[in-house]
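*Asks:* Quick one: structure below, then a few questions.
The values are calculated or read from the model by the stated rules, or taken from the named source; none is laboratory data. Keep in mind that what you see is a predicted model, and the values were worked out from it rather than measured. With ideal geometry, Cβ positions are generated from the backbone for all residues, glycine too; neighbour counts draw on all protein chains shown.
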Amino acid sequence: MDVHRSYRLQASTVEAVRGVTMQVDSGDFLAISGSSGSGKSTLLHLLGGLDTPTRGEVFLAGARVRDLGDRQLARHRLLNVGFVFQRFHLLSMLSARENVELPLSEAGVGRRERRERAAHLLERVGLARRANHRPGELSGGERQRVAVARALANEPHVLLADEPTGELDRANSEAILELFASLNEEGLALVVATHDMHLAEGARRRLELIDGRLDG
Amino acid sequence: MLWRFSYRELLGHPLRSSLVVLGVSVATAMMISMLMLGAGIGRSFAELLVARGYTLRVSPRGTLPLETRATLSDIELLSLDLLGQAEVAGVAPALAANLLLRPTAGVASADPQGSRVFALGIDPDEQGVYRLVDGQAPRGVGEVVIGSELASEGFDVGDGMKLDRPGDFASPASGDDYEIVGVAQFVYTSKGERPIAMRLDDLQALTLRADAASFLMIRLHPGIDPTAAAERLRTMFPQAEIASVAELVARAEARLSYFRQMALVLGAVSLFVAVLLVGTLMSVSINDRYGSIAALRAIGFSRQSLVTAFASEGLVLCVVAGFLGLGLGLMVAGYLDSVLSDFPGLPLAVEFFVLEPGDLGTGYLTLVLAGLLATLVPAWRAASLDIAKTLHREEP
């Protein structure tokens, strides 16, 4: 609600997000579009509890972000929010299956259940056969699908994706959009920051950020 | 799960990890060696002095045993007086002198005039300067036992040898004849010395020092405190220097304080180098992974989980390197000990580097804990990074 986020950049102050008020409900599929530097990533970080607003309030599942300590916020992100990044950020030393198991192990899920859930999620994103491959042995599209599987590991309420198709070709972007659409149909809320018009058009709702302000 | 990421990160950079393990091993070896040196001299010296149970030493006033050529006089009377004291169980006089060993038939000699030997005159029934390994003690007039050095030159039990006072170069044929009756291991022999032992009165006669001794060794009855006994005997015999082994060790340690300080400084520097190496590697390694760390924090990993994972990396490095360093340290200490034992005038039995499991354990644990602390700083810094800012930087 009326969220502002500014940064000090040398002598000047950059207003990345200016007075944004918005709500994400369960089952939403929201695309936030805008040009580079318009504040999309900052807004996504604020929504996911990675950043705190300079002014205004962000509520996550009813809790005010400002009131949560680092440990509580981390727990909240672990269990309720899934993150997908443009550059995947998979751990190169671990296999696809192990990458998917990571959030499960942090949540305290036992080894056997971790393995079963990771196998199921990799099958869900069409990578069952690539489970033991390391990220370096996968294509960009496959890596992003592993990242989506990792984001879904703890069955979050919302999946936040920052330019998820930014590093992918047309065919892989299409595959990611289809995956997102099917996840949304299953009830998962998605917020996607993108300047990929094709991906934005696939969402149920579209918001455009211009210089940190919501347009329309 | 995260520990797997950490360990594979170490294994994934084999050259970097190996170099650090090697560096920390060398630093550990230095630290362990210095620890052994610092503690070793005193312990080894004490063990040497209490050899064969003689816990007090009597030497000429103002000197330490064998420190000077000064001798105690009227030692027969002095020995009897000492034996008359309630706490004294035995008195072993010893006279030390350099003698000239004249060329002997059947044994090669580099110098036609003869060569030096270090002679000790002792009471064969009350002595603490050698352990007999072959033959018998020199109980008869004209009998000697020789050290392994002369035995290795070809002398053996039953052979004869001609001994003379040094400086008496009148004739290579001069000197008195002695018979070798035993081979012994001498306690206080220095590198290059060729020790022999004979009856005290024999050596006194040969060196023209009647009723004299370089020092006396005193054996106390069981249960008597040597330091208290030394203090009491000092008041009764003010003409002599009487000291317990503990007091002699303290004096020796005071003289060797340079070694201890050097060992302490070098040990501390080695530990510091090891900590710097681990800290530097972990800083570089963690800095390389800022993007992954920010992503892990974003997907819900707590600071504690990440710090634990990174700390375990540092711990593995220190445990492995410390273990290698222990072995290397023992090898270095052994080599340096052999070099330092060549110091002239030092008994061969004195060891500079003494292996004490407790000290090694302390050194090892200190290294591991210091390495762990060195890891915690970059680990906590990384775990506390601004997630949003780091992701902004990492993403295009």
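*Asks:* When you scan segment A:144-156, do you find a residue that is charged (D, E, K, R), away from every other protein chain (no Cβ under 14 Å), touching a residue at least 24 places away in the same chain (Cβ under 8 Å) and more than 21 Å from A:Leu44 (Cβ to Cβ), even just one? It would help to see each step written out before you state the result.
*Replies:* To start, the set of residues in segment A:144-156 that are charged (D, E, K, R) comprises A:145, A:150, A:155.
Filter again for away from every other protein chain (no Cβ under 14 Å), leaving A:145.
Those left that are additionally touching a residue at least 24 places away in the same chain (Cβ under 8 Å): A:145.
Adding the requirement that they be more than 21 Å from A:Leu44 (Cβ to Cβ) leaves none.
Looking for residues that are charged (D, E, K, R), away from every other protein chain (no Cβ under 14 Å), touching a residue at least 24 places away in the same chain (Cβ under 8 Å) and more than 21 Å from A:Leu44 (Cβ to Cβ), one finds none in segment A:144-156, hence no.
*Asks:* Condition (residue is among the basic types (Lys, Arg), surrounded by 14 or more Cβ atoms within 10 Å (Cβ to Cβ), away from chain B (no Cβ under 14 Å) and part of a strand (DSSP E or B)) applied to segment A:7-29: is it met by at least one residue?
*Replies:* Yes, segment A:7-29 contains at least one residue that is among the basic types (Lys, Arg), surrounded by 14 or more Cβ atoms within 10 Å (Cβ to Cβ), away from chain B (no Cβ under 14 Å) and part of a strand (DSSP E or B).
*Asks:* Can you tell me which residue is farthest from the chain's Cα centre (by Cα) among those in segment B:178-216 that are crowded, with 19+ Cβ neighbours inside 10 Å and closer than 12 Å to B:Ile75 by Cα?
*Replies:* Only one residue fits best here, namely B:Gln204.
*Asks:* Can I ask one more? Is it the case that segment A:74-93 has a residue that's modelled with pLDDT under 95 and at positive phi?
*Replies:* yes
*Asks:* Of all residues in segment A:30-48 being among the small types (Gly, Ala, Ser) and surrounded by 16 or more Cβ atoms within 10 Å (Cβ to Cβ), which is nearest to A:Gly19 (Cα to Cα)?
*Replies:* A:Gly39
*Asks:* Might you check whether a residue that is among the acidic types (Asp, Glu), within 26 Å of B:Ser341 (Cα to Cα) and touching a residue at least 40 places away in the same chain (Cβ under 8 Å) occurs anywhere in segment B:201-212?
*Replies:* no
A quick yes/no check of all residues on (1) at pLDDT below 95; (2) of a type in the set (Asp, Glu); (3) closer than 15 Å to A:Leu44 by Cβ:
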site	(1), (2), (3)
A:Gly141	yes, no, no
A:Leu160	no, no, yes
A:Thr165	yes, no, yes
A:Asp169	yes, yes, no
A:Val192	no, no, yes
A:His195	yes, no, yes
A:Ala200	yes, no, yes
A:Ile210	yes, no, no
A:Arg213	yes, no, no
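*Asks:* Test A:Arg18 against the stated conditions and say whether it is touching a strand residue (DSSP E or B) at 6+ places or on another chain (Cβ under 9 Å), of a type in the set (D, E, K, R) and at pLDDT 90 or above.
*Replies:* Working: touching a strand residue (DSSP E or B) at 6+ places or on another chain (Cβ under 9 Å): yes; of a type in the set (D, E, K, R): yes; at pLDDT 90 or above: yes.
For A:Arg18, the condition - touching a strand residue (DSSP E or B) at 6+ places or on another chain (Cβ under 9 Å), of a type in the set (D, E, K, R) and at pLDDT 90 or above - is met.
*Asks:* Please enumerate the residues belonging to segment A:92-107 that are buried (at least 23 other Cβ atoms within 10 Å of the Cβ), facing chain B (nearest Cβ under 7 Å) and either of a type in the set (A, V, I, L, M) or in contact (Cβ under 8 Å) with a residue 60 or more places away in the chain (or both).
*Replies:* Hit for segment A:92-107 is A:Leu102, nothing else.
*Asks:* Another question, then. Between a residue in segment A:19-48 that is at positive phi and touching a residue at least 24 places away in the same chain (Cβ under 8 Å) and any residue that is of a type outside the set (Phe, Trp, Tyr) and crowded, with 22+ Cβ neighbours inside 10 Å, which pairs come within a Cβ distance under 7 Å, given they are 6 or more apart or on different chains?
*Replies:* A:Gly34/A:Lys40; A:Gly34/A:Leu209; A:Gly39/A:Ala16; A:Gly39/A:Val17; A:Gly39/A:Leu209; A:Gly39/A:Gly212
*Asks:* Go through (1) more than 25 Å from the chain's Cα centre (by Cα); (2) under 30 Å from B:Val20 (Cβ atoms); (3) hydrophobic (A, V, I, L, M, F, W, C) one by one and return the number of the condition B:Ile224 breaks.
*Replies:* With (1) more than 25 Å from the chain's Cα centre (by Cα); (2) under 30 Å from B:Val20 (Cβ atoms); (3) hydrophobic (A, V, I, L, M, F, W, C) applied to B:Ile224, the lone miss is (2).
*Asks:* Can you find a residue that is surrounded by fewer than 23 Cβ atoms within 10 Å (Cβ to Cβ), part of a helix (DSSP H, G or I), more than 11 Å from chain B (Cβ to nearest Cβ) and not β-branched (Val, Ile, Thr) anywhere in segment A:49-71?
*Replies:* yes
*Asks:* Now for a separate question. What helices (runs of 4 or more DSSP H) completely inside segment B:1-86 contain at least 1 residues that are buried (at least 22 other Cβ atoms within 10 Å of the Cβ), away from every other protein chain (no Cβ under 14 Å) and at pLDDT 80 or above?
*Replies:* B:14-49, B:75-83
*Asks:* Can B:Arg260 be described as crowded, with 17+ Cβ neighbours inside 10 Å and within 11 Å of chain A (Cβ to nearest Cβ)?
*Replies:* Criteria not met by B:Arg260.
*Asks:* Just give me the residues in segment B:297-311 being touching a Ser or Thr at 6+ places or on another chain (Cβ under 8 Å) and more than 7 Å from every other protein chain (Cβ to nearest Cβ), in sequence order. If you could, list the steps in order and put the result at the bottom.
*Replies:* The first filter runs over segment B:297-311 and keeps only residues touching a Ser or Thr at 6+ places or on another chain (Cβ under 8 Å), leaving B:303, B:309-311.
Correct list: B:Ala309, B:Phe310, B:Ala311.
*Asks:* Within segment A:119-143, work out how many residues are in contact (Cβ under 8 Å) with a residue 12 or more places away in the chain and either away from chain B (no Cβ under 13 Å) or of a type in the set (Val, Ile, Thr) (or both).
*Replies:* Summing the residues that are in contact (Cβ under 8 Å) with a residue 12 or more places away in the chain and either away from chain B (no Cβ under 13 Å) or of a type in the set (Val, Ile, Thr) (or both) in segment A:119-143 gives 16.
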